[in-house]
Amino acid sequence: SIYEMFGNECCLSTGEVIKVTGFKINKLIASICENNEDSQFSAKVELPLNFPGLYKVVADKTPYISIEEITRKVAIRSTRFGHPCFYSSEDIKLANLTIKKGEQINFNSVEEVNGTMAVNCGVVRNNQSHSFTLPLSQEGKFYECEDDQIYTLKEIAEWKIPRCRNRIVKLSNTLHTWDSSNPLPDNFDGCLNLTPVYEVQAVMKFRKDIVHILSDLDVEVKDITDCYDISSFLQPLSLEDVFERTSKEFPMVAEVMEGPLGRQKPYNLLHIGKEIVIYKKYQATRVLASEIRSDSPKRHFLIPMTYKGKFKRRPREFPTAYDLEIARSEREQLHVVATKAFDSPHAELFSVSVGDQFLVQQRQTSEVLYEGRKKVIDVLACEQILSDTYKEVLLPMYMEGGFVEVIHDKKQYQLSEICKEFRLPFNVKVSVRDLSIKEDVLAAVPGLQLEEEITDSYLLISSASSPVESWEIPVYRLNMSVHLLSKDVQAVLPPMTKTTVEEISEEEYYMVRRFENQTLHPPPRPPKKPA
């Protein structure tokens, strides 16, 4: 059989030995339901994995009858997606703990415990985590827990579709328009029943790339695993596989088997057959930034702390008095101009006109007359700037107005200085570009909002043949496979690391913010306006 896949012609001759290294969902067949998941599904459409949008997973109502079935059909890994949650329909009595029926059980990893395969699990009670193991032989009825996260189709295909089952998802957010004709109905906000179409990933004796074979290709094969020396084949590793290796195994030399798409360095260097040195794995800090513009789509960037350009401040906008209180700092007094009028319902509080200027002081409480009775409410104390004097005024914290910051600071800042001295989000513009980068993409952006600091996983790599510079490559955003070579690393210390500003897609932006915000508590909601 001769077939072509991804532009590579592949011939499967009679007698050819193929080592199957994995299965991967190639595309999804989606049945459309325009109401909810209990309604009838009608038309079927084909969706590629890069189809845009964010989706919520609908919990599967069909139970699993044992822990062993869960481990066979559901991805359980040490990565951030690999911790599925289930609940039991009955109490489970363990030696020192009873898991109550309906209680959420987090599945963390599968390993051998005292000669028996088991799953490391955990439950959270009163903000305290309790760990325990469940043997694969444990039987019962285990149901999926509701999942309040949102995912891209690619993430759902990789992590959220159990083997031999379909998956119902609900469209949560349409991020941008699809370039070709949209297969979904206009203004669709219903459910999709996803059926995966798989491809087989394999390596062959005399090829150094990964071969992708569609599961419906008409080829007959025979399993010869037990009588063949499989060590003679290459072992493909994803970047996640490399990252899970112990720190003592680095540095290592690897050859690219499947490279990422991209014209920027270092992605354009990582073509099939390229030998690279992987020096180390680590967590690195980035600042998530978005282009300031009223229309969409906005561009999004991850800026490393090593960025050598300089920034000047740009005015921030504040929709409420509560936002002024959040932005207030001890370092400098916040000076704003009102862009929207506000009539105060209380004589004791100030009514704002467009163009009024204020210096923000502090939060406090004030007594107001409300329906003939005195009531204490939160207010923001400010100084109104008049032509030759200042006037003390009080603004209600619930005030919905509009304010723009007046910038007096003309200083140029490094990125690290901004993160140290100011509270994010913070508006800036590049005033001096980073001369160490051939094309500084940030310099062309008229305004940037630095949103938050995030921590992500990276590998430090360089070319094995000419290690004059090293690069940080993201582990979870780069689709790339390598195999390790038994070569010694010539230079254990990496060459100078080049700064790379990574531009990310809108889907990746939402993913990055989602994982960072899981550990943060949202700010309190502004107080309600009195009825």
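Just a few scattered comments:
- Test result for Gln283, open to solvent by 60 Å² or more (accessible area, probe 1.4 Å), touching a His at 6+ places or on another chain (Cβ under 7 Å) and either assigned to a helix (DSSP H, G or I) or touching a residue at least 24 places away in the same chain (Cβ under 8 Å) (or both): no
- For region 464-506, a residue qualifies if it is open to solvent by less than 30 Å² (accessible area, probe 1.4 Å) and of a type in the set (D, E, K, R), and exactly one does: Glu502.
- Lys391 meets the conditions (1) exposed (fewer than 15 other Cβ atoms within 10 Å of the Cβ); (2) more than 39 Å from the chain's Cα centre (by Cα); (3) modelled with pLDDT under 85 in every case but one. The failed one is (3).
- Qualifying position, being among the β-branched types (Val, Ile, Thr) and in a helix (DSSP H, G or I), among Ile473, Ile418, Ile461: Ile418
- In the condition set (1) loosely packed, with under 14 Cβ neighbours inside 10 Å; (2) at pLDDT below 85; (3) of a type outside the set (D, E, K, R); (4) not assigned by the TED database to the domain that holds Asn173, Met5 is compliant with all but (1).
- Count of residues meeting criterion [surrounded by fewer than 17 Cβ atoms within 10 Å (Cβ to Cβ) and over 20 Å from the mean Cα position of the chain (by Cα)] in region 144-159: 1
- Unique match (being among the aliphatic types (A, V, I, L, M), within 29 Å of the chain's Cα centre (by Cα) and surrounded by fewer than 19 Cβ atoms within 10 Å (Cβ to Cβ)) among Leu136, Leu171: Leu171
- Condition met for Ile437 (open to solvent by less than 70 Å² (accessible area, probe 1.4 Å), β-branched (Val, Ile, Thr), in a loop (DSSP other than H, G, I, E, B) and modelled with pLDDT of 90 or more): no
- Number of the exception - Tyr322 against (1) assigned by the TED database to the domain that holds Asp378; (2) under 30 Å from Phe250 (Cβ atoms): (2)
- Subset of region 256-279 (residues that are buried (at least 18 other Cβ atoms within 10 Å of the Cβ), aliphatic (A, V, I, L, M) and in a loop (DSSP other than H, G, I, E, B)): Leu270
- Qualifying residues in region 370-382 (those that are closer than 24 Å to Ile326 by Cα and touching an Asp or Glu at 6+ places or on another chain (Cβ under 6 Å)) - the one surrounded by the most Cβ atoms within 10 Å (Cβ to Cβ): Leu380
- Filtered residues of region 78-97 (kept if open to solvent by 40 Å² or more (accessible area, probe 1.4 Å) and touching a residue at least 60 places away in the same chain (Cβ under 8 Å)): Ser78, Arg80
- Val211 falls short on exactly one of the conditions (1) under 18 Å from Lys27 (Cα atoms); (2) in contact with a Pro (Cβ under 8 Å, 6 or more places away or on another chain), and that condition is (2).
- Matching residues, region 394-415, being part of a loop (DSSP other than H, G, I, E, B) and either closer than 21 Å to Pro315 by Cβ or under 28 Å from the mean Cα position of the chain (by Cα) (or both): Met399, Val406, Ile407, His408, Asp409, Lys410, Lys411, Gln412, Gln414
- Long-range neighbours under 6 Å by Cβ, at least six apart or interchain, first residue not assigned by the TED database to the domain that holds Glu139 within region 109-121, second not in a strand (DSSP E or B): none
- Residues of region 214-255 classified as under 28 Å from the mean Cα position of the chain (by Cα), crowded, with 16+ Cβ neighbours inside 10 Å and closer than 25 Å to Ile25 by Cα, total: 7
- Residue, least open to solvent (accessible area, probe 1.4 Å), within region 344-369, restricted to residues that are among the charged types (D, E, K, R) and modelled with pLDDT under 85: Glu348
The values are calculated or read from the model by the stated rules, or taken from the named source; none is laboratory data. Since this is a predicted model, take the numbers as computed values, not measurements. Note that we place each Cβ from the backbone using ideal geometry, even for glycine, and neighbour counts take in every protein chain shown. Accessible surface areas use protein heavy atoms only, side chains included; no ligands, DNA or RNA. Shrake-Rupley method; radii C 1.70, N 1.55, O 1.52, S 1.80 Å.
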